[in-house]
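The values are calculated or read from the model by the stated rules, or taken from the named source; none is laboratory data. These figures come from a predicted structure and were not determined experimentally. Please note: Cβ atoms are built from the backbone with ideal geometry, for glycine as well, and neighbour counts cover all protein chains shown. We work out accessible area using only protein heavy atoms, side chains counted, and drop any ligands, DNA or RNA first. Shrake-Rupley method; radii C 1.70, N 1.55, O 1.52, S 1.80 Å.
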Amino acid sequence: MASVLFSFKHTGTSASLKSSRGIIKSNAQARKGSLTPATRISCCSLSFDNKKPAEAPVSRSTSLSGDFFLQENQKKKQQPYQGILHVPADHVEELDHRETSLLVAEVKGWLMKLASGKGEISPSAYDTAWVARIGSESDSSLPEFPEALEWIISSQLSDGSWGYDRHLQLYDRVLSTLSCLVTLKLWDIGHSCITQGTKFLRENMIKLKQDDGDLLSGFEVTFPMMLKEAKQLGLDLPYDTEFTRLLEISTKKKLAKIPLDRLHSSPTTLLYSLEGLQGLEMDWQKILKLQSRDGSFLSSPSSTACVYLKTKDRKSLQYLQKAMEDQNYAVPCHYPIDLFESLWVVDTIERLGIDVFFRDEIKAVLNYVYSSWTNEGIGWGSTCLVKDIDDTAMAFRILRMHGYNVSSDAFNQFWLPGDKFCCFIGEVSHGVSEMLNLHRASQIDFPNEEILTKTFKYSDGYLLNVESSHMDKWAMKKNLMGEVAFELANPFHDCLPRIYNNAYIKHYGVDDPWIGKTIYRLPLVNNKVLLELANRYAQQCQSYQPSEMIELVNWWHSSGFENIPSTRLKANINMIPYLYYLICSTFHEEEFGQLRVFFIKTCCINTLFDDLLDYATNIKELDHLENVIERWDISMSQELSLEYKILFQEFYTIVLVMTEAASKIHQNLSPEFIYKYLLGICIKVIKSIIADARWKIQGYIPSFEEYMENAEVSVSSWVHILMGIFFCGELLTEELLNTIYDSKPLKLDRIISRLSNDMKTYKIEMKLGQQAQGVSCYMKDHPGATEADALIYLQSLLNKTKKELNESYFISHQKDLPKNIKRFNFEIVRMILITYNEVRQVDLFKNPDKELQDMIEFSLETYRISNQ
């Protein structure tokens, strides 16, 4: 996991650590009480009652105006730092930002084209040959589309075949070649092409084997019909092989099951391959009633060409004429495929982590997609009459995550009797990729969406049991099973954005082909430009890591944490790389440097306070500590034991430093207000941790309700949010800060953080004598309940709360919190969940796995080397 964000390379980077400015003359002076606020702050309108951070009395001597901040006299010595980047730092510095800008401009052009309903898809020799069969309206002895015939002749491959040229997929080559030969034979042109194509088929048709995992869509009906036409035209081919005999048997069985009344009355996937159904007693005039508004039949040029040849329907011809013009006179196997292509381009950009460049363009594309959304889902094209679970799942997930109002009811039509989902009604087998998209969509669930509970359970079970050698029905991806393995091991709530992005960069294929009626490519979905941009942005995000890491590690050493007696608590510097790993995986943009640094510092101090108080044994000592905390007087810290003194003095200093930094950003807020706000938060969380320690010493087990009231505060994740929002890039007001404190997202954060923590740490806490935790309190409320019963309850409450968090985050309201604040709250939750991971069943913060431990040890060793 660790190597996703950090790579263990020595890079030769030099960086300097500039000391935090404007606290007091030095940390030492702070601990001696050189700056102790004298008067009570009264100019701040924020009220801290018993439901909000406690109001802090301010001590003697100085006010917080005027000389509230003093500058440090000396800057710390610059230290070289090797870094923990994917690439050498000198390469990062050499990145040509002009080249990056050109790449961004190119992709923006693609997206705006998609937003207007246009895209790019590779041509299909099979479909182009079908369109080329059509005779002119004015003279049937002449082709309506001579350009199509010219394209066929000029596009024959060197081995005599037609089809996808970058990969030899035998079914595609055989079907496409057969289609082209029939068309050339019908027009009696291209004789040398026919000779070469016939030779290819004679050599390769005997190699075909029955393998459902490798068949093209509709192949079992289109290929036999094409063979029949070739035989009638006298083409010399091996018509009688083991494969053709077996295929003929299965085709007859399939055709026999097709109810003609349904085929003529309602849209089904059979409309996509009508040219393969010519042997049935078709009523082609009735089929015209199932025509899409653009004149096509399920966006298939070959199927539509067949209908035109049977009916001379004017609307069908107009569709083909438009397709030929738009696609440079060589049609693809799908036209249009606008919804599918638009969604997969957006998904690819987001999975590669480069969506930051394209916010407006993505919005325009999604507006286009949303215009086609229905309560029954969508298909692959805006005119497609048949919906499918693959496109519906992708659209549902992306649209919901971008705040669009989409209902999970769209999945109901895909739920079949026998507790099974299908991609299309009447399908025989699943594709891995559609189940993967269903699995991803099902995790963006809101409360009371039972259908998404079903989709998750079904898709999860399918993916867990699919064989690694399974061939997908719809795509030939670089490493689809690698994607599946990663998704299963890293559920949506338990995986941070940059971890996900960097993992997908490894799985992404720039030339992945797709499977339809033939093999095709989507150049805007799979291409080198997106991968190059993703790598460049990853390098850009990593370029600031060395200087931030050295600042944090130097801060740790200067804080005195290492002087905390090891008999009570071993202060562990390993926290810094792990926390940095988390915050860089979420708020990775360069402009959030202050947020990252302050987040880690406050996390470290809160964690050390919490760990230290886990070992508390003296009520009197706790009372004295609480008195010091309530008065927040630096001079009183001299009366504390060494470990409490060190932590209190550092917390005191951090509040001052953060106040100065926040005051420069939010000049509409007074320093006094910011100081009081931050101070109230700190006092409230430490007092709640002290309350936990009292319960432990007294052996008191509260009710679950009483426990959660305090435990939601002592878990402290909310503290990092309320202190960090000053550095989220959003404009803050006093009213907004009050609103955030009382907001539902923050409440949900507290519940999720506490529950996930308790479920993974309760056994350790019980060994330390801490009986007041979720499991024990639940068991007290429910006599006779077991630990397993308690865990089941906590897990159900956790699952419910995560759904509520999804709803609060993804649904947009008029009175919403600012975007980055909502984002910060959501990502803090994911940091907690990845730390107390359900899948790994481990507390990664206290017990990092081998890969993460390697990263921590490497980053600290790098720092130590750099100081020598």
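Couple of notes before you dig in:
- Members of the stretch 801-821 that are of a type in the set (Ser, Thr, Tyr), over 9 Å from Pro447 (Cα atoms) and surrounded by 17 or more Cβ atoms within 10 Å (Cβ to Cβ): Ser808, Tyr809
- Yes/no for Lys315 being more than 16 Å from Leu270 (Cβ to Cβ), modelled with pLDDT of 95 or more and open to solvent by 10 Å² or more (accessible area, probe 1.4 Å): yes
- Residues in the stretch 759-810 that are closer than 29 Å to Tyr615 by Cα and of a type in the set (Lys, Arg): Lys760, Lys763, Lys767, Lys780.
- Checking each residue in the stretch 216-246 for being open to solvent by 60 Å² or more (accessible area, probe 1.4 Å) and either hydrophobic (A, V, I, L, M, F, W, C) or part of a helix (DSSP H, G or I) (or both) picks out Lys228, Lys231, Gln232, Glu242, Arg245, Leu246.
- Test result for Ile740, of a type outside the set (Gly, Ala, Ser), part of a helix (DSSP H, G or I) and modelled with pLDDT of 95 or more: no
- When residues of the stretch 694-744 are limited to those that are open to solvent by 40 Å² or more (accessible area, probe 1.4 Å) and among the β-branched types (Val, Ile, Thr), the one nearest to the chain's Cα centre (by Cα): Thr739
- For the stretch 451-472, the count of residues that are within 19 Å of Ser299 (Cβ to Cβ), acidic (Asp, Glu), under 24 Å from the mean Cα position of the chain (by Cα) and crowded, with 16+ Cβ neighbours inside 10 Å is zero.
- For the stretch 784-800, the tally of residues that are surrounded by 14 or more Cβ atoms within 10 Å (Cβ to Cβ), small (Gly, Ala, Ser) and assigned to a helix (DSSP H, G or I) stands at 1.
- Within the stretch 153-200, the only residue that satisfies the criterion of being without any contact (Cβ under 8 Å) to a residue 24 or more places away in the chain, within 16 Å of Ser122 (Cα to Cα) and not in a loop (DSSP other than H, G, I, E, B) is Ser154.
- The residue pairs whose first member lies in the stretch 385-397 and is without any contact (Cβ under 8 Å) to a residue 40 or more places away in the chain, whose second member is among the polar types (S, T, N, Q) and part of a helix (DSSP H, G or I), and whose beta carbons are closer than 8 Å, counting only pairs six or more residues apart or on different chains, are Lys387/Gln413.
- Residue within the stretch 593-602 that is farther than 23 Å from Lys676 by Cβ, charged (D, E, K, R) and in contact with a helix residue (DSSP H, G or I) (Cβ under 7 Å, 6 or more places away or on another chain) present: yes
- Enumeration of residues in the stretch 256-279 that are part of a helix (DSSP H, G or I), open to solvent by 10 Å² or more (accessible area, probe 1.4 Å) and farther than 17 Å from Cys333 by Cα: Ala256, Leu260, Asp261, Arg262, His264, Ser265
- Every listed requirement among (1) crowded, with 22+ Cβ neighbours inside 10 Å; (2) free of Cβ contacts under 8 Å to residues at least 40 places away in the same chain; (3) part of a helix (DSSP H, G or I) is met by Cys306 save one, (2).
- Every listed requirement among (1) assigned to a helix (DSSP H, G or I); (2) of a type in the set (Ser, Thr, Tyr); (3) without any contact (Cβ under 8 Å) to a residue 40 or more places away in the chain is met by Ser141 save one, (1).
- Pair list, Cβ under 7 Å, 6 or more apart: the stretch 474-499 residue farther than 24 Å from His588 by Cα, other residue open to solvent by less than 40 Å² (accessible area, probe 1.4 Å) and of a type in the set (Phe, Trp, Tyr): Trp474/Trp514; Ala475/Trp514; Lys478/Tyr508
- Complete set of residues in the stretch 117-153 that are open to solvent by 10 Å² or more (accessible area, probe 1.4 Å) and within 30 Å of Leu366 (Cα to Cα): Gly117, Lys118, Gly119, Glu120, Ile121, Ser122, Pro123
- Just one of the numbered conditions (1) over 23 Å from the mean Cα position of the chain (by Cα); (2) within 18 Å of Gly379 (Cβ to Cβ) is not true of Ser407: (1).
- Selection count, the stretch 745-774, where residues are under 32 Å from the mean Cα position of the chain (by Cα) and either among the small types (Gly, Ala, Ser) or over 30 Å from Lys819 (Cα atoms) (or both): 7
- Considering only residues in the stretch 318-334 that are among the polar types (S, T, N, Q) and assigned to a loop (DSSP other than H, G, I, E, B), the one that is least open to solvent (accessible area, probe 1.4 Å) turns out to be Gln327.
- The C-beta contact set for the stretch 733-746 (first residue in contact (Cβ under 8 Å) with a residue 40 or more places away in the chain and closer than 17 Å to Phe826 by Cβ, second residue of a type in the set (S, T, N, Q) and assigned to a helix (DSSP H, G or I), distance under 6 angstrom, 6+ apart or interchain) comprises Lys744/Ser808; Pro745/Ser808; Pro745/Asn825.
- Test: residue in the stretch 761-774 that is closer than 30 Å to Pro671 by Cα and touching an Asp or Glu at 6+ places or on another chain (Cβ under 7 Å): no
- Test: residue in the stretch 551-572 that is surrounded by 22 or more Cβ atoms within 10 Å (Cβ to Cβ), free of Cβ contacts under 8 Å to residues at least 60 places away in the same chain and within 26 Å of the chain's Cα centre (by Cα): no
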